[in-house]
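Here the structure is laid out as structure tokens; the discussion comes afterwards.
The values are calculated or read from the model by the stated rules, or taken from the named source; none is laboratory data. The shown structure was predicted, so the numbers you read here are calculated from the model rather than taken from an experiment. Cβ coordinates were reconstructed from backbone atoms using ideal geometry, including for glycine residues, and neighbour counts include every protein chain displayed. Quick note on the areas: whole protein, heavy atoms, side chains included, nothing else; ligands and nucleic acids left out. Shrake-Rupley method; radii C 1.70, N 1.55, O 1.52, S 1.80 Å.
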Amino acid sequence: MSTLFADLPMITKGELLLLGSPEGHFSHLLTDSRKLISPEDTVFFALNGKRLKGIDFIVSLYEQGVRNFIVEKKVPLDNIEEANVLIVKNAIQALQDIVIHHRKKFHIPIIGITGSNGKTIVKEWLFQLLQGDYEIVRNPKSYNSQIGVPLSVWRLNSTHQMGIFEAGISEPDEMQHLEAIIKPSIGIFTNIGEAHSEGFFNSKQKIREKLKLFKDASIIIYCSDQVEVHNNITELQHQVNEFGKTIRYKSFTWGMKHEADIAITSVETQNSHTEIEATYKEALYAFELPFTDKASIENALHCFATMLYLDIDKAVIQRRMALLTHIAMRLEMKEGNNQCIIINDSYNSDINALRIAVDFLNQQSNTANKTVILSDILQSGRNEDELYKEVIKILSQNKITRLFAIGSQLSMHKNLFQQANFKSHFYPSTEDFIKTNDLSSFKDQSILIKGARKFEFERISKLLEKKAHETVLEINLNAIAHNLNIYHSMLKPDTKIMVMIKAFAYGSGSYEIAKLLEHQKVDYLAVAYIDEGVELRKAGITLPILVLNPEISNFDLLLRYHLEPEIYSQYILEKFIEALAEYAHEDVISFIHIKLDTGMHRLGFERDDIPQLISTLKQHPKIQIKSILSHLAASDEEAHDEFTLSQINRFIEITTKIESELKYSFLKHILNSAGIARFKEYQMDMVRLGIGIYGIDSSEKVQPLLQEVGTLKTTISQIRDIPAGDSIGYSRKGLAKTDMRIAVVGIGYADGLNRRLSNGNGYMLIHGQKAPIVGNVCMDMTMLDISAIPDVKEGDKVLVFGKELSIQEISDKIGTIPYEVLTGISQRVKRLYFQE
């Protein structure tokens, strides 16, 4: 469905600055310039972030063919004569107004979902359960924000018979905007919990804000055992809201403990499934769920209640509930065979999820060879020719080099792919693909595996993945982006940011983190040694890279790969000058970064060294200072603030002298992660973000805002019953005082598990319960006491550290700092990168 740009002043109350293409129209909404797919029918919303301004990308998008723009302030029109430009007070509000206008065209059942947890699972399961009865549109992934919701609802078209949209908020006065966009006729309130509580005074305020989604809904479905939710809905009945309208919530409830429309009379958990019995209108319902955990049971019962409300046949409900499948909430990136990167999203084939996955492939790819393995896109409700033409457009725009298309639909439409700018291969089934291709021949590629669950693409993923032992460090790329934004929010608009990715990015993986940071448009990266920078350049990283400890013997590599050295002594400077004489062209300006020692006494020029430094630089004008930096010794400790301020003052004094002598400006930076929060007035031109981006900060104010980045997991290799009096492990350090059951897990000190955690000093979590370490940590394995933990099986997952067991707690137990724990994780431990 297309919208005429000339109609937007009426819809948004904006003002036309330019109507260079009077017949201009759009069907695609774009808020991120990096995700352009279809320039000719796109409108770009120039949003203003704290760091990036949308208007800075208008000319680039115009050159790529975009002609429709919505801005918040006037922009030069000289170079975009054929553009249509609308100015509005708030670009996000304009986006929402346009989608509100679009939503009014449709009169179909719309399910709106909110709550603290389970929104996305309930949405996806309802789609699984109802897609046989309705053509359904829903949010891709968890697009439930002030921007994500309108982008989702915009997808409504005349083929759809139902919409299912989730809505999330983090502070008051947000939900009314999402309500106007979604306009649900059926509401589901999943539960209330601690998620996003920091923006609200208390849980009552949070519940009432979320309930605003349902102000015009015909029904609200919820669990009556959620007492706070139930009480607030009851209290609000017949009250007058802020719009002067009487609230008349009609509820449809289910419950196990409290009175409800649907009484859940029995929940029996077996080894791999759960048997449910319920009564509704005196009728008995019995069905199985293929899950046993409490969260899945709760989410499934919301879906069950919704199906009853929609009058779905009892036998159909019973059959479909038993077929519910696990929802993959995240894209996973793993190391593949033969220097391949594998991105696994093999659980659905939605066209919008394909866009997200291909964007992630582009973000993380370190090679021009980009392969997509794609299944048929099922039950889209769209004309198949149009659907697969859009697939071609998405793949072409993102410079995919090869497509392996699996399924009868794709094979029937192979003629459409003949003119595409990538090679295509077609197979009727996954089995045919596996039999026909030698997967060991896939080399030096980034491979996206994207398909519907019925195609069992996990078989392909397993064949392509590099085999490694089952201890895995999971890296949450969303959390890194979140933490970066937390620190950005503390900075002045013009302050640049340098991110430290030395020491294998604090154990997280240098290339993968660098690629994400480049996508996030940070200003600088810093590594410890030249070879680390060289590897990033070879992998395609183009950001400026500072080398903190440049080895004289490798200056030729530093220059060849356009790395920038930290110069911390006259000796290093003179050796760099010698290397330049042999390598660099006379007209090339070489940038260096000067390190000052302002009190830490590790590396750097001291005050008395500065005259010679200035003299040398004046003699070599082709060497220019890009930045001057120093390192704070104790910025995280309030007891040493006086010393920290003396360092900062010394730094300002010395840099001022150098600048006045050399007669040009350069960047100045002294704040590290802790300093960013504690000494905001000294941000200067740039700050250096290290451990903070990985979710650790010494500040009690900042730490709660950060998200855990790394989760280290292992598995149980064997379970043993040890009689009282027997010893366990090397040197017989572990002694069973009573009969004991132990689990042997596949992680040891060669993986980075510190031996100081031995003999009960440390523990791991199994099923959320503490399992103390018994005896000494071995090289490749560790023994845990599981005597008090029921139902533990060989193959169960074990948490070494993560959200429930923090790195800080582990480092405290062994008398060290989180840096050491993170950087100590061996590279033989497989890294799994994911984006939710």
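Values as computed for the structure displayed
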| read-out | value |
| --- | --- |
| Average Cα contact separation per residue, segment 312-433, under 8 Å, 6 or more apart, as relative contact order % | 19 |
| Residue-span extension gain [Leu378 to Lys423] - 0.36 nm each, minus C-alpha spacing | 13.9 nm |
| Per residue, the convex hull volume that the Cα atoms of segment 386-543 enclose (Å³) | 180 |
| For the chain, convex hull volume per residue from C-alpha positions, Å³ | 204 |
| Coil-residue trypsin sites (Lys or Arg not before Pro) of segment 254-358, DSSP, other Cβ within 10 Å capped at 15 | Lys257, Lys281 |
| Cα-Cα over 24 Å, subset of Lys35/Lys141; Lys515/Lys797; Lys294/Lys466; Lys595/Lys663 | Lys515/Lys797; Lys294/Lys466 |
| Cleavage-rule hits (GluC sites (Glu not before Pro)) in segment 140-213: DSSP loop, at most 10 neighbouring Cβ within 10 angstrom | Glu194 |
| Normalised contact order of the chain, rounded percent, pairs of Cα under 8 Å and 6 or more residues apart | 8 |
| Point-charge dipole on Cβ atoms (K/R +1, D/E -1) for segment 47-89, about Cα centre, debye to 20 | 400 |
| Ser27 - accessible surface, heavy atoms, 1.4 Å probe, Å² rounded to 10 | 30 |
| Segment 529-553-segment 440-473 distance, computed between alpha-carbon centres (Å) | 30 |
| Segment 763-820: GluC sites (Glu not before Pro) in DSSP coil with no more than 14 other Cβ atoms inside 10 Å | Glu794, Glu804 |
| Helix-derived mean residue ellipticity, 222 nm - over the chain, DSSP H n ≥ 4, -39500 (n - 2.57), to 500 | -8500 deg cm²/dmol |
| Accessible area per residue in Å² at 1.4 Å probe, computed on segment 724-802 | 48 |
| Rough spin-label spacing in nm, given labels placed 7 Å along Cα→Cβ, for Lys797 and Lys466 | 2.2 |
| Column: log10 I(q)/I(0), Debye, Cα scatterers of segment 373-457, q = 0.10, 0.14, 0.20, 0.24 Å⁻¹ | -0.23, -0.46, -0.97, -1.39 |
| Two-site label geometry, Leu662 and Glu194: point separation in nm, points 7 Å out along Cα→Cβ | 4.9 |
| Label point distance in nm, Gln93-Asp78, each placed 7 Å from Cα along Cα→Cβ | 3.2 |
| Length added when fully stretched, Ala634-Glu458, from 0.36 nm per residue minus Cα-Cα | 58.5 nm |
| Heavy-atom accessible area ranking, 1.4 Å probe, most first, across Val66, Val316 | Val316, Val66 |
| Of Lys393/Lys454; Lys123/Lys793; Lys74/Lys496; Lys73/Lys668, those spanning more than 28 Å from alpha-carbon to alpha-carbon | Lys123/Lys793; Lys73/Lys668 |
| Per residue accessible area of segment 317-467, 1.4 Å probe, in Å² | 43 |
| Cβ-Cβ FRET estimate between Lys393 and Leu323, R0 fixed at 30 Å, reported to 0.05 | 0.35 |
| Segment 2-152: antiparallel DSSP beta bridges as a percent of all, rounded to 5 | 40 |
| Chain lengthening between Lys204 and Met490 when straightened (0.36 nm per residue, less Cα-Cα) | 100.0 nm |
| Considering only the chain, percent of DSSP beta bridges that pair antiparallel, nearest 5 | 40 |
| P(r) tail fraction, segment 236-391 - alpha-carbon pairs more than 28 Å apart, % | 50 |
| Carbon + sulfur, % of accessible area of the chain - ligands and nucleic acids excluded, 1.4 Å | 48 |
| Solvent-accessible ranking of Ile207, Ile817, largest area first, probe 1.4 Å | Ile817, Ile207 |
| Cα-only Debye scattering, segment 26-154: base-10 log of I(q)/I(0) at q = 0.14, 0.17, 0.18 Å⁻¹ | -0.71, -0.94, -1.01 |
